[in-house]
1. Calculated FRET efficiency, residue 212 and residue 329, Cβ-Cβ r, R0 35 Å, to nearest 0.05?
2. Using the Kirkwood radius over Cα pairs, work out the Stokes-Einstein diffusion coefficient for the chain at 4 °C and 1.567 mPa s, in µm²/s as a whole number.
3. On average, how much area does the Cα convex hull of segment 68-130 cover when viewed from any direction, in nm²?
4. With an 8 Å Cα cut-off and a minimum separation of 6 or more residues, compute the relative contact order for the chain in percent.
5. What list do you get for 305, 340 if you sort them by fewest beta carbons within 10 Å?
6. Between 0 and 90 degrees, rounded to the nearest ten: what's the tilt of helix 108-117 against the longest Cα principal axis of the chain?
7. Sort the following peptides by mean Cβ neighbour count (other Cβ atoms within 10 Å, averaged over residues), highest first: 86-92, 316-322.
8. Give me 308, 192 sorted ascending by neighbouring Cβ count inside 10 Å, so fewest comes first.
């Protein structure tokens with residue numbers, strides 16, 4: 001079926017950003033990672049064998065059960081499907097991690113509060129701006145990996161809307177709050193956001209063709225596919241077409257807990273990197289693991305589209321010399337700047353304490369993840 005979808009591109013696409021190198025070079029990473037149980041540096045070719053020794057395994061086991069709360073049920077999203085697949089494939093077990101997966105209901109701030117309180121240990125955030133928003137609400141979380149470096153949020157309108165200012169005085173539906181990239185896009189387009197009636201519309205995109213709302217926020221990997229399957233017509237507006245930067249698939253943890261259990265955080269991300277590579281080649285298999293966890297009806301065909309869309313966005317927004325999940329604080333600052341421009345923040349806070357790339361850096365040599373048994 002040909003999608004009934006238009007792309008509005010009245011503005012230039014977002015400018016490229018200089019790539020910030022990580023705090024550790026590959027050489028330093030090799031020295032830090034490839035240490036044998038007796039404390040001496042191992043040869044680089046023996047890297048994988050040195051990843052998990054008895055001491056590290058015991059450290060990981062001492063952390064006890066590690067709770068991961070999904071962003072939204074068992075949807076096959078980036079930073080979510082990898083965790084499900086890593087558990088099903090025994091990758092966590094290989095790294096001496098005991099991971100329990102609990103389904104979330106889409107409440108990003110509620111999940112952040114669980115992690116901040118220590119009730120859960122890992123959860124995905126929709127984007128880096130939400131890490132900042134969580135901390136502004138006194139939910140202490142830290143972003144440890146950012147997989148997508150383009151906004152995942154999208155705005156869908158009924159066909160016939162040729163300019164976003166036409167939404168003034170009309171109704172816009174969202175899931176829980178207006179996504180920062182969408183709000184930034186509206187502001188950039190000259191829309192008086194205060195004149196738009198905002199309502200919580202849930203996760204059924206049919207409210208748009210039924211005219212219950214005239215605009216609907218969503219995720220570019222989800223709602224457009226659903227409306228295409230319904231053979232409904234709509235127009236999709238992408239924030240990056242208005243010069244808005246953004247991110248998605250951000251993994252968050254508790255900063256104090258992470259400091260107490262650094263090997264757990266590193267090896268959790270190590271398993272995710274391994275699972276991402278596997279699921280990139282075996283998407284249907286990995287979606288099947290998610291389907292097994294869902295006690296209700298699970299749309300495997302749709303969820304495979306979700307995964308394929310998001311993994312392609314990750315690949316397209318990750319430079320060849322960077323690893324999946326790399327953090328670029330320069331781009332983060334640009335993204336958070338939109339919160340200030342929209343009035344949600346008085347100023348851009350110090351971002352370094354809210355994002356910590358060293359855990360992800362510690363599991364790679366150059367751009368390759370180091371895994372037990374690999375040569």
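Read-outs: derived from the displayed coordinates by stated rules, not from any lab. It should be emphasised that the depicted structure is a prediction, and the values quoted were computed from it without experimental measurement. All Cβ positions, glycine included, derive from the backbone under ideal geometry; neighbour counts span all protein chains shown.
1. Numbers: r = 40 Å, r/R0 = 1.15.
For residue 212 and residue 329, the calculated efficiency is 0.30.
2. On the way: Rh = 21.3 Å.
D = 61 µm²/s.
3. Working: hull surface 17.0 nm².
About 4.3 nm², averaged over all directions.
4. Numbers: 717 pairs, mean separation 107.6, N = 375.
Across the chain, relative contact order equals 29 percent.
5. Numbers: 305 21, 340 13.
By the 10 Å Cβ count, ascending, the order reads 340, 305.
6. For helix 108-117, the angle is close to 30 degrees.
7. Details: 86-92: 20.7, 316-322: 13.1.
Top of the packing list down: 86-92, 316-322.
8. Details: 308 17, 192 12.
Ascending number of Cβ neighbours within 10 Å: 192, 308.
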